[in-house]
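Below is one structure, written out as structure tokens; comments come after it.
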Amino acid sequence: MQQHEFDVIVVGGGGAGLRAAIAAAEEGATKGTAQGATLNIAMLSKVYPMRSHTVAAEGGAAAVTRADDTVEAHFADTVAGGDWLAEQGVVDYFVRHAHAELVQMERWGCPWSRQANGDVQVRRFGGMKTERTWFAADKTGFHMLHTLFQTSLKYPAIQRFDEYFVLDLLVNDDRQVQGVLALEISTGALHVLYAKAVIMATGGAGRVFRFNTNGGIVTGDGMAIAYRHGVPLRDMEFVQYHPTGLPGSGILITEASRGEGGVLVNKAGYRYLQDYGLGPETPLGKPENKHMELGPRDKLSQAFWHEQQAGRTGKHGDSDVVYLDLRHLGKAYLQERLPFICELAQSYVNVDPATQLIPIRPAVHYTMGGIATDRYCETAIQGLYAVGECASVGLHGANRLGSNSLTELLVFGRLAGEQAAKQALAGAASAAVDTAARTHIGERCYQRWQQKLSHLCDTQREMRSWVPIKRALVATMEAGCGIYRDEAGLQETLATIHQLQQDAQHIRIGDTSAAYNTDLLQCLELEFCLDVAETICLAALERRESRGAHQRLESAYQARNDAEYLQHSQVFFRANAPAELRWQAVDTHISAPAERLYGGQTAGEGAKDA
Amino acid sequence: MRNCSIAVQRYLPHEHAEPFWQHFTVPFDESTSILDALNYIKEELDPSLSFRWSCRMAICGSCGVMVNGIPKLGCKDFLRNYLPRNYLASESTAAVSAAEIRIQPLAHFTVERDLIVDMNEFLVHLEAVKPYLITDAGADETPLEKHAQTLAQTNKQTPAQLAKYKQFANCINCGLCYSACPQFGLNPEFVGPAAIALAQRYNLDSRDQGKAARMPVLNGHNGVWSCTFVGFCSDVCPKHVDPAAAVNQGKVESAKSMLIQMFTGRG
Ligand SMILES: Cc1cc2nc3c(=O)[nH]c(=O)nc-3n(C[C@H](O)[C@H](O)[C@H](O)COP(=O)(O)OP(=O)(O)OC[C@H]3O[C@@H](n4cnc5c(N)ncnc54)[C@H](O)[C@@H]3O)c2cc1C
Ligand code: SF4
Ligand code: FES
């Protein structure tokens, strides 16, 4: 058993993890030296940091920028977009710190797209009333991730553990975090890393659904790990579909393509969104915020479902599709503003957007819920923080607005890093750690996992693949827990998940090598997925109303029901028993719940959005 | 669906001392990528085949492999590219094997297992060129004015200034250019195409003042002068970074800085 000692451990090397690690390093360098200590920070990631899925974000990052925009307006858009389930104090903090964080990225070299005068340019984004989305061509996440990764190289305090797969947390009887257990992928060796503070930044869980825009590594690991230690997962029923994924692969065609003027048509060539409360039809080439194609994502995905039911969708392979029309933008403009989209369409569906329609359909995109934290990103376990898509700090409520989450990685990544550093510094200053007790926890955890892993790979047992279980899981999630949900479908899916959890006990890995056993890793990821899927499904079942991304088909549940459900769901793990759900009050102290209005309905809304 | 035969080079360091070839038959259609084929093999035929991937959309840089001897991104290279025209229209149900597709790990790197190579050999070169903005007086080090967003100002940078380095900022660190580079094959200490492109990305950024700090690595024994200008690196780059152009620019810069050094005694 190899052991390491750090002050702060960051699990995850995506945008959130990198920003947190840099913040912790800076906090350690400034405050730490004053207290006679510097901080040692470990950053573990199951892939090299620049492979993290932040790399795939295309559209942009939001912050109030223009003189005619206000933080109050960004607040109002975010809270209304989230159907009043956002924590309003958290949203308020977010909108006030967003701009400074994007400026910080600029100072670190992020190649933001610019106006002729050299200022940063902002673009329209769905659900945002004003242009406030910063972008770097159509590769915003890619440029942010590489800028953060490259900048992190300046900080010797950050020690990277690339391709280390975190399996578990070390937690003592007083519910304080003590460190993590990780598997070194290149050797198969287990490592125990101790620290006074641990930050989970492990990203979302889109891979629990069959059709999704996420990378293969987005499997909810951190959510499941924290959950198994009693930290509730909050608002998990809110899963965002992106209306424009490519059929087959699910690869994302960014919303920016609609912001630039792309329109959606059904197989008859009709702009069907006007039939779903998003009209009146905006003229070609004149997109308007919150109208038609720039309405919120959930409404657009739901409109697809209705068109599909009515038989007005086309076919691409065996997928039902509608079409994104970019032809009127012209080749030159497309090459300048949406080069990546042109490349993707050409490669993956063999379509040239300058002359042809792009077939698209909704795909699971983003998990609004996650590890429940307070406004300082701390969880129910002392010293354990969570940030980024794996966390539920309360920013997104029932539906995330596009371009809020990249900014979230920065605003809350910094906050989590600073808080964790403070925790570590306070820990260093206070009583000495009980190393014997801690080592005991580390050894116990190590042994438990050593046993589990050798059982999984035990060639005495009959080989049993994880593949059929994974396929059954993603299929049942899609069927029973998709864009629209009802009691019967959810019950069935929940029962299927419980059965699959049983089946998973019998898996025996086919690959028995120690080095780079990706078969084993995918099996462990599937186990994480099963737990996360259970929380999604249970919360979806218990929320008997429709709100944001969660839509029920039963007529009694088709409306939002504030009297009963203006509450966060929290799902708790129960060992060897079904999970348990509890409700938690929502902070609505700034803006009282009102209706979400889009399209022509917004005409007289001034007062409500103030 | 038609079938296609694929050969994959395996290497299991603890089980076999030497790499060996394994042959598979894989169903495919027009949109099946090399990565899809590998995943099919792993899920249906042999779970022990190991390779890296994540985004499956040519942006994370994980999935580089050699396909018929050429470095490729597995997720952006399609079986259709290797098969006779009209293969889908043909009546025959026999596996299309006219051109068996051969997949190997990226050349010039140490193979760790199967299609997985040691990427640290690539990362050390990236890290060596100080790939971050370096500004005078450490202006970038000043912590942000925390709560006063109006105080935080961006640098100005015109679209023309951005265009100067933009292309070199598009590198996804896939390492294909290192597998294409004969010099890197001979001398693993050579800084290499992507790292030189990254150095140029910052050298050409109007906000940066770090060129002097980066030049020693580029001027050095394993810097730009190791390159014999084969240009294959730019041919294989999936993101049109054109690292060969960066190496050439680097040579010009290096010649200048060495001349200055000769005349003034400083670098
Ligand atoms: C295609 C796409 C486009 C998007 N576009 C936008 C956009 O335009 N604007 C916007 O605001 N948002 C966008 N989003 C959402 C946004 O990109 C993500 O929410 C965000 O990048 C998540 O960042 P993260 O740091 O939380 O997680 P990730 O970037 O996913 O990083 C997770 C990290 O955790 C590590 N990890 C996970 N599990 C383990 C484990 N067990 N052990 C060790 N390490 C582990 C991984 O290796 C990785 O480093 C988009 C999302 C997708 C999928
Ligand atoms: S320069 Fe091109 S080939 Fe080389 S690592 Fe970067 S993206 Fe890959
Ligand atoms: S899987 Fe990400 S580049 Fe191929």
Could you go through the stretch A:275-282 and let me know if any residue there is surrounded by fewer than 22 Cβ atoms within 10 Å (Cβ to Cβ) and either touching a Ser or Thr at 6+ places or on another chain (Cβ under 6 Å) or closer than 30 Å to B:Leu79 by Cβ (or both). no
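Conditions (1) more than 14 Å from chain A (Cβ to nearest Cβ); (2) open to solvent by less than 60 Å² (accessible area, probe 1.4 Å); (3) within 16 Å of ligand 1 (Cβ to nearest atom); (4) not in a helix (DSSP H, G or I), marked per residue:
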position: B:Thr154; (1), (2), (3), (4): no, yes, no, yes
position: B:Ala163; (1), (2), (3), (4): no, no, no, no
position: B:Gln183; (1), (2), (3), (4): yes, yes, no, no
position: B:Leu198; (1), (2), (3), (4): no, yes, no, no
position: B:Leu218; (1), (2), (3), (4): yes, yes, no, no
Kindly evaluate A:Ala42 against the criterion of being surrounded by 24 or more Cβ atoms within 10 Å (Cβ to Cβ), in the same structural domain as A:Ala416 (by TED's automatic domain parsing) and not in a loop (DSSP other than H, G, I, E, B). yes
Does the stretch A:350-362 contain any residue that is out of contact with any Leu (no Cβ under 6 Å at 6 or more places or on another chain) and of a type in the set (Gly, Ala, Ser)? no
Residue among A:Val79, A:Val10, A:Val90 that is away from chain B (no Cβ under 13 Å), more than 16 Å from ligand 3 (Cβ to nearest atom) and part of a strand (DSSP E or B): A:Val10
Quick one: is A:Gly28 within 14 Å of another protein chain (Cβ to nearest Cβ), surrounded by 24 or more Cβ atoms within 10 Å (Cβ to Cβ) and at pLDDT 95 or above? no
Checking A:Gly383, A:Gly330, A:Gly427 in turn, the sole residue that is of a type outside the set (Ser, Thr, Tyr) and open to solvent by less than 10 Å² (accessible area, probe 1.4 Å) turns out to be A:Gly383
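So that you can scan it fast, the table gives a plain yes or no per residue for (1) away from ligand 1 (no atom under 16 Å from the Cβ); (2) within 28 Å of A:Thr512 (Cβ to Cβ):
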residue: B:Leu49; (1), (2): yes, yes
residue: B:Cys55; (1), (2): no, no
residue: B:Ala58; (1), (2): no, no
residue: B:Met66; (1), (2): yes, yes
residue: B:Pro84; (1), (2): yes, no
Confirm whether A:Ser186 is out of contact with any Pro (no Cβ under 7 Å at 6 or more places or on another chain), within 14 Å of another protein chain (Cβ to nearest Cβ) and closer than 30 Å to A:Ala428 by Cβ. no
Here are some conditions: (1) open to solvent by 10 Å² or more (accessible area, probe 1.4 Å); (2) more than 9 Å from ligand 1 (Cβ to nearest atom); (3) more than 11 Å from every other protein chain (Cβ to nearest Cβ). A:Met236 meets all but one. Which one does it not meet? (1)
One residue is enough: does the stretch A:113-122 have a residue meeting the conditions within 30 Å of A:Tyr194 (Cβ to Cβ), open to solvent by less than 20 Å² (accessible area, probe 1.4 Å) and within 11 Å of chain B (Cβ to nearest Cβ)? no
For the structure I just gave you, tell me whether A:Phe135 is in contact with a Lys or Arg (Cβ under 8 Å, 6 or more places away or on another chain), under 29 Å from A:Glu288 (Cβ atoms) and either open to solvent by 10 Å² or more (accessible area, probe 1.4 Å) or within 14 Å of chain B (Cβ to nearest Cβ) (or both). yes
Out of the residues in the stretch A:560-610 that are of a type in the set (Asp, Glu) and part of a helix (DSSP H, G or I), which is modelled with the lowest pLDDT? A:Asp609
Have a look at A:Gly388, A:Gly413, A:Gly417, A:Gly369 and point out the one that is within 14 Å of another protein chain (Cβ to nearest Cβ), of a type outside the set (Lys, Arg) and under 18 Å from the mean Cα position of the chain (by Cα). A:Gly413
Working only within the stretch B:162-203, note down all residues that are more than 14 Å from B:Gly250 (Cα to Cα) and touching a Lys or Arg at 6+ places or on another chain (Cβ under 9 Å). B:Leu162, B:Lys166, B:Gln167, B:Ala169, B:Asn170, B:Cys171, B:Ile172, B:Asn173, B:Cys174, B:Leu176
Cβ pairs under 7 Å, 6+ apart or interchain, first in the stretch A:51-76 and at positive phi, second within 11 Å of ligand 1 (Cβ to nearest atom) and aromatic (Phe, Trp, Tyr), ordered by first then second residue, are A:Gly60/A:Phe125; A:Gly60/A:Trp134; A:Gly60/A:Phe135
Please state which of the following conditions A:His291 fails to meet, knowing it meets all the rest: (1) in contact with a helix residue (DSSP H, G or I) (Cβ under 6 Å, 6 or more places away or on another chain); (2) under 23 Å from A:Arg123 (Cα atoms); (3) open to solvent by 10 Å² or more (accessible area, probe 1.4 Å); (4) within 14 Å of another protein chain (Cβ to nearest Cβ). (4)
Kindly check whether there is at least one residue in the stretch A:480-488 that is open to solvent by 20 Å² or more (accessible area, probe 1.4 Å), assigned to a helix (DSSP H, G or I) and at the interface with another protein chain (Cβ under 10 Å from one of its Cβ atoms). no
Consider A:Asp83 carefully, then state whether it is more than 23 Å from B:Tyr202 (Cβ to Cβ) and of a type in the set (Asp, Glu). yes
What are the residues in the stretch B:40-57 that are in contact with a Ser or Thr (Cβ under 9 Å, 6 or more places away or on another chain) and more than 7 Å from chain A (Cβ to nearest Cβ), if any? B:Tyr40, B:Lys42, B:Leu45, B:Leu49, B:Phe51, B:Arg52
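Restricting attention to the stretch A:333-362, and to residues there that are part of a loop (DSSP other than H, G, I, E, B) and open to solvent by 30 Å² or more (accessible area, probe 1.4 Å), which single residue is nearest to the other protein chains (Cβ to nearest Cβ)?
The extreme case among them is A:Asn350.
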Answer yes if at least one residue in the stretch A:540-547 is part of a helix (DSSP H, G or I) and surrounded by fewer than 20 Cβ atoms within 10 Å (Cβ to Cβ), and no otherwise. yes
Out of all the residues in the stretch B:165-181, which are part of a helix (DSSP H, G or I) and either more than 8 Å from chain A (Cβ to nearest Cβ) or over 25 Å from A:Asp138 (Cβ atoms) (or both)? B:Gln167, B:Phe168, B:Leu176, B:Cys177, B:Tyr178, B:Ser179, B:Ala180
In the stretch B:26-73, which residues are under 17 Å from the mean Cα position of the chain (by Cα), of a type in the set (S, T, N, Q) and more than 8 Å from ligand 3 (Cβ to nearest atom)? none
Checking A:Ser513 against (1) assigned to a loop (DSSP other than H, G, I, E, B); (2) out of contact with any Asp or Glu (no Cβ under 8 Å at 6 or more places or on another chain), only one condition comes out false. Which one? (2)
Residue, surrounded by the fewest Cβ atoms within 10 Å (Cβ to Cβ), within the stretch A:203-219, restricted to residues that are among the β-branched types (Val, Ile, Thr) and farther than 16 Å from B:Ile59 by Cβ: A:Thr219
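The values are calculated or read from the model by the stated rules, or taken from the named source; none is laboratory data. The structure presented is a predicted model; accordingly, all values stated were derived computationally and were not measured. All Cβ positions, even for glycine, are placed from backbone atoms using ideal geometry, and neighbour counts span all protein chains on display. Each accessible area value is taken on the protein alone, full model and side chains, heavy atoms only, with ligands, DNA and RNA left out. Shrake-Rupley method; radii C 1.70, N 1.55, O 1.52, S 1.80 Å.
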